[in-house]
Structure formats: C-alpha cells, structure tokens
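Take a look at the structure set out below.
Derivation of every value follows stated rules applied to the coordinates shown; laboratory data play no part. Remember, predicted model here, so these are calculated numbers, not experimental data. Virtual Cβ from ideal backbone geometry, glycine too; neighbours counted across all protein chains shown.
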Amino acid sequence: MEHNVLTYMIFIPLAGAVVVLLLPSQSYHLIRWVSAAVTVPPLLMASWLYANFDTTTVGFQFVQKAAWIPAYNIQYFVGVDGVSISMVLLTALLSFLCIFASFGIDKAVKGYFALFLLLDAGMMGVFCALDFFLFYIFWEVMLLPMYFLIGIWGGPRREYAAIKFFLYTLFGSVLMLLAILALYFNTNPHTFDMTVMMAQAKNYSTQSLPFWPFNELRWGFQHVVWMAMFIGFAIKIPAFPFHTWLPDAHVEAPTAISVILAGVLLKMGTYGILRINYPMLPVATADMAYWLLGALGAWNIIYGALCAMAQTDLKKLVAYSSVSHMGYVMLGMASFTTQGINGAVLQMFNHGTITAMLFLLVGVIYDRAHHRNIEGFGGLAAVMPVYTGITALAFFASMGLPGLSGFISEVLVLLGVWQKYPGLAILGATGVILTAGYLLWTVQRVYLGPTNEKYKTIPEIDGREIFTLVPLGAIVILVGVYPSVVLDLLRTSLDNLNQIIIPHLPS
Amino acid sequence: MDLKNLESLNFFGPELILTGTILLLIVLDLFVQNKRNLAVLAIVGCVASLLSTFDLYSAQQGWLFYRMVVLDNFSLFFKVVALLAAICTIWMSLGSHEIRRVYQGEYYTLLLTSALGVFFMASASNLLIAYLSLELVSLTSYVLTGFLPRNRRSSEAALKYLIYGGVASGTMIYGMSWIFGMTGSLEYAAIQQALAQGEMNNVALFMAFMFIFAGFGYKIVFVPFHMWSPDVYQGAPTPFSAFLSVASNAAGLAILIRFFFPGISRVTPGGEWALVSGVEWPQVLLYASMITMTVGNLCALNQRNLKRMLAYSGIAHAGYMLMGLAILTNDGLSAILFYIVVYLIMNVGAFLVVAMVANFTGSEDIDGYRGLAWRGAVVPAVCFTIFLFSLTGLPPFAGFIGKFLLFAAVLKEGGEFIVLALVAVANSVVSLYYYAKVVKVMFLDAPEPGDKEFVIACSHFTLLIPLAVLTVALGIYFSPLVLYTTQSLRFFVK
C-alpha cells in the first residue's frame, strides 16, 4: 500500500524553506508566521500517523517507494515502524515548537528560518528513510544548516563550536559511508534497500578476517562494518569518548537549536544503531553489545552526571545531563529484554521532551539575564513563580520522579538490565542518585534562597514561552501516568528486534 | 578503421574548426577594435567545435593519420571536457578586470591552442604525438601564466612552470626512448604486442614507466611533481588558473589512461583490465594517490590566498582521482570520468567566485571575503559555499556523488584497497576544515567598518548560477551523467 504522508512530512518543510527564501527579507513577522505555518501540516500528519499506526505488525507502514537511480539500485523509499514512529512524532512536535521559540531571533531572520526548515526536512528524512543512500543524504543534509545555525546565530564561541560539531560528525559519517558501501557490495543483488539488507543479515560473513590484526577478537566482516557504523552513531549519541563536541555546540547554539540538537539529533545515534546495526548485523551486535553499548552506556550515565555536577553554566549542565541520559538508552538497548529495549526507546522519546523543556527554560532565563551562571542567580522562585513551577516539573521529570515520564523509562531500562547484567544495573541506578544530586543542587542555587538584588524586577515568563512549554509538560505528565500511549507503538517492532539478536547472544 | 591522411580529415572536424577559429582570431585581432568581439568569436568557435564533436559519436571508431591519433568515445569525451572548460574560461575572462589589461587577441588565441593540445593529448595513440601534444599544452600554458604585464608574481610563476615543465617532459621523453629501445616502436598497439611477447627486463621497463609518470604526473599534478602548481595558480590570470586546474588536469589523466590502460594493459574476456608486462605499476599509483591527497590537503590547511588554497585542493583532488586508476577496473575509470566532469563544474565555479571577488578587492586574500554574505553579495557567497562543500564531498552536491563512485569502485575491489579508502575518507574530513574556513569567513565573520558594499558584474551571474544549479542537480539526479561516462569508456584498441 502506497502512502504519500511521509513524503509530505519531509518535503513540506523543504518547500517551506524555498518559500521563506522568496519572502522580502525585512518583513520579519511574515517570515516567522509563514515558517510556523509550514510546520503545522507535518504536525497534523504526525497526529494522523499516530491515530492510524497499526501497533500489531512488525513491518513498515505508510511505505512509499520509487526508483531513483536504477543503475545503482538506489530508491526513494520511506516508511515507519515501531522503532521510528515515536521519533517522527517527536520531530514534528519539536520543529513546530522551536519555530515559536525562535521568534526572538532578529539577525538575518530569513536565513535562519529557511535553514531551520531545511534542517527539519533533513531530520524527518533520516527517521523515515528506508533506503541507505537516501538515509545518508538526509543524514548529511542536516549538517549544513546545523553548521550555519550554530555558527551565525550562536554565542560568543560559536565558530569554534560549529566547526567542531561539523568535523566530528563528518568523521563519523564518512566511516558510515564506507560501511554502507561494504554492505552494498555484500548484498545480492547489490542494493541500498534497507529491508533487503535486513532480510539478508545472515549472509554477511562473520568469519574472522585474515588481515585483521587483533585476531583473538575474532572480528569478521560484520564486526568491522558494525564498528564503522557504531563510531558514526556514537558520535551523534554522543557516547564517551566522542562527546566533547556536545557541550560546546549546546552552549553556543541559540535556544531553539539546542532543543533540536538535544531533542532530535542525539536520538539519531541510538536510532541508527537500532535501525541498522541491530537487524543487519545481529551477530556483531550480540558480540559487541555488552561492552560497547551496555558498559559504555553505564559509563556515560556516571560520567555525564559527574560532569554535570561540576558545571557552573546552566546550559552546559543540561548538555552534560543529556550525555548522562543518553547512557540509559544505550544501557537499555544492550539488555535484549522486552523491558530494557522498550525502556530505551521510550527514554529516547522522553529525553527528547524533557531536555527540550530544560533548554527552553534555560533560554527563558538567558534572554532576561544575559548570562547562565548558576551562582549568579538565587531566589528566582519569589520573582518568577510560574517559571519556577515549570522548571521544577522539568527537573523532576529529568530526575526520574514517579508520576513523570522520565521515571517510567529509567525504571524499565533498569528492570531490563537487571535481568541480564546486575552490575550495570547498579551502576545505572547510581546515576539516578547523581542526577538528583546535581539537579536539586541547581534548584537550590538558582531558584531558592534569598533573591538576588539584581533580578528583583526580572519579568515573568511570557505567553509565547509558556506556549512552547505547555505541550511538552503535558506529554511529560501523560507519559508518566499512562506510558502505554507511547509504549504500545513500540512494543511489536522492538520485540521482533530482540528476537533477531537473542539467538546470537553468547551464552 | 585505419585511415590515411586525407581520409582522416573527414573525422577531424572539431580540430579543424578549432584551428580555423585560432587562425581567424589572429587575423581579426589586427582589425577589430572592440576586443570583446574576439571573445565572442572564440566562444562561437568552441560551440561549433562542440557540435562537430557530438556529430562524431555516430562515426565508426578507429585510427586516423596512419595510427597517430585514435577516434573513440574516450577521446571525444575529453574533447567535450576541454571545450566546456574553454567556453567557461572565456566567459569568465569577459568579466574579469585582469584580462582587460592584457593583449586579448593573443590571450584567446593561446587559450584555444591549449584546448587544441588537450584534444590531441586525449587521442594520441603514438608516443610521439603524446609528447608533442603535451608540449603544445605546456608551451601555451607557460605563456598564458606569465601573461599579466608588469606583474612579478605572474612572471615568476611562468618561469617556475617552464623549468618544472621542461624537466618533467625531458624526463618523460627519456622514458619514451627506453620504451622505443625495448619494443622497437612508438605506437601503442605495437608496444603492447612487444610487451606481450615478454623477454623485457622488468627493471628497465619499470624505470621507463616511472620516467613517463614524471611527465604525465606533472600535468595531473600529483606528488612529487606538484611543486609548480600553487605558484602558477596564484600567479596566472584567474580565468586561466581555472582552465589549468580543470582542462590540463583532465588532459593529463586522459593521456595517462590512454597509455597505461589500452596502451600497455589488455582487456580480459570478462571486460576487465589485466597487466601485460610484469611491472606492477598500479602499486605505484596506489601510493602516489595516498601521498598526493594527504600532502595536498595538509598543505591547503593554512593557506590564506584562495587561489593557492584551490591549487592545493586541486592536488588533493588529483589524489582522489588516482584512486580510480590504482584499482585497474572499469568502474574506477568511469568514476574518474564522472569526477572530471563534476570537478570541472565545481572548480570553475569556485575560481569564478574568486575572480569576482578579486575584481572588486584586487586580491585573492581570504581577508577580502570577510562577511561577504552581509556585504550585498549573498548570492556569490551561497554559490561559493555550494562549490566548496561540493569539493569537500558533502551531499546533496555533485562532489559527493563523484567521491561516492570512487569509493564504491575502490571498496568493490576490497582487500588492501580498504586502506586506500580509509586514507581517502580521512582526507575528506581534513579537507572540510579549510573549505569550511572560507565559508566561516564569508558567513560567520562580521564585516569590519572598512569593508565596502559589494558590486557585481552581471555577466558573471550568467555563468555562476548555472554552475551552482548543476552542482546541486547532479548531486540529486546523476543517472544521465553516469550513463554518459560509462559510454565514454570505449577505447579503440584494434
């Protein structure tokens, strides 16, 4: 069954970007509202997708396929399944909200919104693409707007942050390109069709390669390809030790871009592993999962949390908390239990919403105080009660307080991991305590205590800002109380993914 | 088809038209006051020659002039490339302030002569013609490099170029004499026959090949024959630097492919290539490729002069293209041809922007690009960004497809070539740094109070926009070009 809906979701923002470019560059309001209008149809289509998504099948839905470059078997092929649907929804929602969060931009407005919409199209494309070539194109297309969005509209060290982000990600993606080509030539007939590659997973050799220098590891073709893919994705997650671009990029990026970066782009790393490494390279996944996903994930949790605790910049703190929280995703994925993998993908969704809130909230205070120094505030609760209330909600969700969404996914992850690797589960649980530590400490320093004289008259959060936060807050509470709204979408596909790997796990 | 002199003229249309145009230019230069008309005439000549080239696609392939040159799809491809490069260069020259100061009649005459030399380089099937055509391109290039009057850099570059070129071609002809001594013939087909019978001293053969590499390598600009290129690109008039970087490089590849593939290798029944002699020359190219791209990229990192930077980037790109030769497959060759076309589009585009900015600021220094996008030159800045990112090899630009096909050809061979692919991707990442540096200066840096608003000549836009559009379009839909390059890979062997 052919469906155009995903194609529309990808290309409406792209068309919107072109339209924005044609608008007169001085009419800021027009540009802003046109951009906002462009993100509405994808959001509505996302709701329609949510309503019509069949939660009982494993296969891809809303598929559209067309020949593109027949000589190399390259297709235009899009579709969603349980792994990607939640990410598509998240992307549509955050793109819509971030347009409003960007209304404060007043430098080269036209360029900003055109690039933003281009970025939006790229993100949507990555989550929908089922042809590897198409996937790679979208993956790279995101880089260019991101470079400019950080580089032109960012903070004082924006140039450094932008090029660092660019170089890191390109390094990862060229390795991925080689891995893609390697898979292409080992698929018969040669094709970039991901579904064919998944079906042929058992044809990808696991024989130890003769020239491989570390032969005691018994790495075969699958393992080498897995590693190349993994490095590409680990840079995006970002997994230790590839995380150093993240604090820089986050701190320098404008608020809305930080939201997109943390809310959507980081998820592409773990999404890629689930979409590509798991079904296409199952043997290698089973061999590598404990160390490179599980242990590294646990280390990410602890390391990120400790780094966050040491920060004096509020935005950097949130950035490191992302490193920490993405660790739960990796940890959950590595467990190959129903709870673990469902918890991981739910954590991807939850982290997307919660971190988006956190960055938006940091943006609110930065717009008013023009700095983000944690020690420089104090007692904001008395001056900005509404703002403080929303912040508390986001912080508690991030911390994993029962009743809010972060709790559900973290508990699922830890439950799943406990069955397989109790040691890692204990480490992961320690992370929860550390998280509570740095977040509560921050609440105390910024919002509680005596009011800082300088900010006695700081204005309360305004309507537009509340508008961007409320939907996210509602989702945080809803998923916290009734997680099935998201979990039902995921379960079938993820269980199937588990079943692919489990037979290959070392006993 | 093995034709004698007079019969051959029927299949010599492109060359004859171009020669006629050149002669006409010399004569008309005496009478015509407005020298822009000469440029128009040159373009008309090129277009006529181009049409005549397309006509020949339907002709039978074969030897012309007693086996001196060969007519096949491969040579026609390079004629098209040379003519397109010439047309772009003339167009670029029309709007360039630099060119207004020189003797334009001679300038266009020499430019077309250089293009004519490329024709012969691509179709030579005899070492003598190979040498003569290479010298024809070189000699015109020396003159054009030093064409800027009272410009020390230009003169210095011409002299350096001359000395390097002289040494390289001298070495090459020495190598050719060894080949002649061992095989008794200058003709490719006869050389191959002699090699197939064996009984050559492999060391001597290897030495001869290396000497010949020196001559070809200096045209393609690979390490260690690259030293002339940064100085020459910087000193020469910018439109000619563009021509040099594209056409001369392509011609070098053409003559190299012609000699080493249909010349001294044979086609196996499976349609792939196999070595005839016992000399493992692809190994040499493998290392030359890795070293060339690495040296080019590392040297480009700290350049402040844009033309110099593009020269080093050109060296790196020569390294990428050599990858396709080292693997000795048709896929590799067809990837090279694809890359040549793409490189033509994006590199001419990049030089065009450099020429536009130089028209305005009088230099190619990177400081002149500060805040370009905010100084009323958004369109050139955006186009330059497209060209630069395309040169880096980022999708959705044509340069990505070029690299993609090269990597695909290399990985298809597998084995030791994986190392080559890894070196190449690492180089791509390095190259991003210096390309993005220019983008940074144009977009991320704010203009300083002293920087003036930008005014651009209209004639440049008529070339700039199509090139930028092509760069994006070929990145998204490249089937026709792939088809064309695959079909261009038909050599006439016997």
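Things to note:
- Working note: Cα gyration tensor of the stretch A:59-128, eigenvalues times five, square-rooted, sorted largest first, giving semi-axes of 30, 17, 6 Å.
- Alpha carbon Rg of the stretch A:317-456, scaled by the compact-globule rule 2.2 N^0.38 Å: 1.14
- Here the relative contact order of the stretch B:280-494, from alpha carbon pairs under 8 Å that lie six or more residues apart, stands at 28 percent.
- Calculated FRET efficiency for the pair B:Leu30/B:Tyr66, C-beta based, R₀ 45 Å, to 0.05: 0.80
- Convex hull projection area averaged over all views, the stretch A:422-482, Cα basis, nm²: 6.7
- The packing ranking, built from the mean of other Cβ atoms within 10 Å per residue, places the peptides B:256-267, A:348-359, A:74-85, A:474-485 in the order A:348-359, A:74-85, B:256-267, A:474-485, highest first.
- The length gained by stretching the chain between A:Val40 and A:Gln444 to full extension, at 0.36 nm per residue less their Cα-Cα distance, is 141.6 nm.
- Computed on the stretch B:259-311, the Cα convex hull volume stands at 105 Å³ per residue.
- Stokes-Einstein diffusion of chain A at 4 °C, 1.567 mPa s viscosity, Kirkwood radius from Cα pairs, rounded to a whole number: 57 µm²/s.
- In this structure, B:Met1 and A:Tyr76 have a Cβ-Cβ separation that, at R0 = 51 Å, corresponds to a calculated FRET efficiency of about 0.70.
- Rg/Rh, computed from the Cα trace of the stretch A:379-485 with Rh as the Kirkwood radius, has the value 1.08.
- Estimated at 0.36 nm per residue, the fully extended path between B:Asn37 and B:Tyr174 surpasses their Cα-Cα distance by 45.0 nm.
- Residue order, fewest to most beta carbons within 10 Å, for B:His97, A:His250: B:His97, A:His250
- Think of the protein assembly as shown as having a plus end and a minus end, set by charges on the Cβ of Lys, Arg, Asp and Glu; of B:Val27, A:Phe62, A:Val411, B:Val27 sits farthest toward the positive end of this dipole.
- Label-to-label distance, B:Ala426 versus B:Ser363, with points set 7 angstrom from Cα along the beta-carbon direction: 3.6 nm.
- FRET efficiency for the pair A:Val481 and A:Asp106, taken as 1/(1 + (r/R0)^6) with r the Cβ-Cβ distance and R0 = 41 Å, rounds to 0.55.
- Shown here: the stretch A:18-77, whose C-alpha atoms stretch 48, 37, 10 Å along the first, second and third principal axes, sorted largest to smallest.
- Length released on extending from B:Gln283 to B:Val203, taking residue separation times 0.36 nm less the Cα-Cα span: 27.3 nm
- Contact order normalised by residue count of chain B, Cα under 8 Å, 6+ apart, percent: 15
- Cα-derived Rg to Rh of the protein assembly as shown, Kirkwood definition: 1.02
- Angle between chain A longest axis and helix A:158-185 axis [Cα atoms, degrees, rounded to 10]: 20
- Net charge dipole, the protein assembly as shown: roughly 1100 debye, given to the nearest 20, about the Cα centre with Cβ charges of +1 for Lys and Arg and -1 for Asp and Glu.
- Shape box of the stretch A:277-322 [Cα atoms, principal axes, largest first, Å]: 44, 16, 6
- Degrees, to the nearest 10: A:314-335 long Cα axis against longest axis of chain A: 30
- Rg/Rh (Cα only; Kirkwood hydrodynamic radius) as it applies to the stretch B:142-287: 1.06
- Mean per-residue shielding of peptide A:175-182 is 5, counting Cβ atoms of other chains within 10 Å of each Cβ.
- Alpha carbon centroid spacing (whole Å) that separates the stretch B:132-172 from the stretch A:152-204: 43
- Exposure rule at most 12 other beta-carbon atoms within 10 Å, DSSP loop trypsin sites (Lys or Arg not before Pro): chain A longest free segment: A:158-455
- Under the Karplus curve 6.51 cos²θ - 1.76 cosθ + 1.60, θ = phi - 60°, whole-Hz ³J(HN,Hα) for the stretch A:40-57, x wherever Gly or Pro sits: 6, x, x, 5, 5, 5, 5, 5, 4, 4, 4, 5, 9, 6, 7, 7, 9, 9
- Take the Cα of A:Leu209, go 7 Å toward its beta carbon, and the backbone nitrogen atoms of the stretch B:403-436 under 17 Å from that spot belong to B:407-426.
- Test item: Cα-centred dipole of the stretch A:30-178, Lys/Arg +1 and Asp/Glu -1 on Cβ, debye: 460
- Footprinting exposure proxy for A:Tyr328, A:Tyr387, B:Tyr142 (fewest neighbouring C-beta atoms within 10 Å first): B:Tyr142, A:Tyr387, A:Tyr328
- Order of A:Asp248, A:Asp54 under a 10 Å beta carbon neighbour criterion, fewest first: A:Asp54, A:Asp248
- Expressed in units of 2.2 N^0.38 Å, where N is the residue count, the Cα radius of gyration of the stretch B:324-366 is 1.73.
- Projection of the Cα convex hull of chain B, averaged over all directions and equal to a quarter of that hull's surface, yields 21.7 nm².
- Paramagnetic reach from A:Thr55 (point 7 Å along Cα→Cβ, amide N under 17 Å) across the stretch A:1-37: none
- Averaging 1/r over each pair of different alpha-carbon atoms in the stretch B:19-165 and inverting the result gives 16.2 Å, the Kirkwood hydrodynamic radius.
- Restricting the calculation to alpha carbons of the stretch A:391-444 gives Rg and Dmax of 11.8, 37 angstrom.
- Inter-part distance, the stretch A:22-83 to the stretch B:227-243, computed on C-alpha centroids, equals 47 Å.
- The three principal axes of the Cα atoms in the stretch B:143-223 give end-to-end lengths of 56, 21, 17 Å, sorted in falling order.
- Separation of alpha-carbon centers, the stretch A:402-442 and the stretch B:106-120, rounded to whole Å: 73
- Distance-filtered residues of the stretch B:235-252 - backbone nitrogen under 18 Å, label point 7 angstrom along B:Arg150 Cα→Cβ: B:237
- All Cα-Cα distances of the stretch B:280-494, cut into 5 Å bins from zero to the largest, leave 1, 7, 15, 19, 18, 15, 10, 7, 4, 2, 1, 0, 0, 0 percent in each bin in turn.
- The relative contact order of the stretch A:292-507 comes to 28 percent, based on Cα pairs under 8 Å that sit 6 or more residues apart.
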